[in-house]
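The values are calculated or read from the model by the stated rules, or taken from the named source; none is laboratory data. Just so we're clear, the structure is a prediction, and the values are computed from it rather than from any experiment. So basically every Cβ, Gly included, is an ideal-geometry build from the backbone, and we count neighbours across all protein chains shown.
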Amino acid sequence: MSENLADKMKRKLNAKSTVAILLFGAIILTFVFTGAPGGLSMGVGSVARVNNALISVADFQNEENRVSEYYKSIFGNQMDFSSQRQLLRQQAIENLVRMELVSQAAQSEGILATDAEVRDFIVKEVPFFQQNGQFQREFYTRYLEGTRTSPGDFESKIRKDIANIRTRHLFEIASRTSAAETAKMQELRGSKINVAFVRIDEEAVTKAMTKEKAEAAIKALDEALAKGDEAAVNAQLKEMKATWDETGFVEIGADSFPKITSRVATDSIFELSKEQPVLKRLVRDGNQKFVLKLKETKVEGAKSLEPMSLEMAQKRRGDGMFESWINQFRKESHVTMNKQVLDM
């Protein structure tokens, strides 16, 4: 994304998108106020490093709590959170790394949040800081003291949240289709694709191999994908005892693909093409990794494109553009994670 393009896109932001940004921030704060899980020593230090930025233990604890609450809302008592603690922590670290990458990538493109936006969010949009519709500084101060957060750190997080959501919205704007593109999408409505994929469970691979060998194998797989060396990819998959599966033919524009439960992986499918059938990167979604390949396509005749289908298709295209952009930035970045926190 060029600087000129970013400037043009920023000017198109409207009041509706600003409200969406603020609501997103409020949701995050709702989770933060539920409290952080205990059991992790502050002596561990930072849990990850993204270029020159460190991710703190406090942020990690809040994110681990947020992830736990999310899964509790879905599975309730059916999930044994004590046995899945390592998986939850892996997801929390990956989420924070991703958020920091988006923040840094956005900043590099000049996509920022102003001091006025941060101030207005804190004063006007957070119900926890208000009484009878009025901002109460003592509530704000009490929150900062309770979470051991400085005003500067808290405002920095809000600034990142606003910029991150704004960045995502910019890609949604850029993905909007023209009349000619809409007509083409309608023409291709009857097209179906069959996607071959490999799902890799990092925890299972680590158990089957040593931790060091598992990390080396995943790194080698990622490098083979980047080079487009399909033979090397298959060799690494064989070493990890990972096998290919298929979704079967699915209509382009479908909301989901059979057997692929990851939204990140589903969005990445739309980066595949006949010219480049194998995705040249490993798709990461927490503890799961995916290798994707466009295996077959077929056309069964054009179908009319409903407004809702068009909107979903535009969103997927925006998601695909966003994923490509942030993954490219990740490749150019230096990311390290403190694996010690997963075992505590």
*Please find, within the stretch 231-253, the residue that is nearest to Lys339 (Cα to Cα) out of those that are part of a helix (DSSP H, G or I) and of a type in the set (S, T, N, Q).*
Gln236
*Answer with yes or no whether Ile218 is in a strand (DSSP E or B) and modelled with pLDDT of 90 or more.*
no
*Top-ranked residue in the stretch 81-123 [being without any contact (Cβ under 8 Å) to a residue 60 or more places away in the chain, of a type in the set (Val, Ile, Thr) and touching a strand residue (DSSP E or B) at 6+ places or on another chain (Cβ under 9 Å); ranked as nearest to Glu332 (Cα to Cα)]*: Ile122
_Suppose we filter Ser324, Ser273 for residues that are within 17 Å of Ser175 (Cβ to Cβ), at pLDDT 85 or above and over 16 Å from the mean Cα position of the chain (by Cα); which single one remains?_
Ser273
*Within the stretch 68-181, which helices (runs of 4 or more DSSP H) (wholly inside it) include 2 or more residues that are surrounded by 14 or more Cβ atoms within 10 Å (Cβ to Cβ) and β-branched (Val, Ile, Thr)?*
85-108, 151-174
*Single condition Gln136 does not satisfy, out of (1) under 28 Å from Ala48 (Cβ atoms); (2) in contact with a Phe, Trp or Tyr (Cβ under 7 Å, 6 or more places away or on another chain); (3) free of Cβ contacts under 8 Å to residues at least 60 places away in the same chain*: (1)
*Which number in (1) in contact (Cβ under 8 Å) with a residue 24 or more places away in the chain; (2) closer than 21 Å to Val264 by Cα marks the one condition that Ala224 misses?*
(1)
*Is it true that some residue in the stretch 222-230 is more than 27 Å from Gly318 (Cβ to Cβ), assigned by TED's automatic domain parsing to the domain that holds Phe290 and either among the polar types (S, T, N, Q) or not in a helix (DSSP H, G or I) (or both)?*
yes
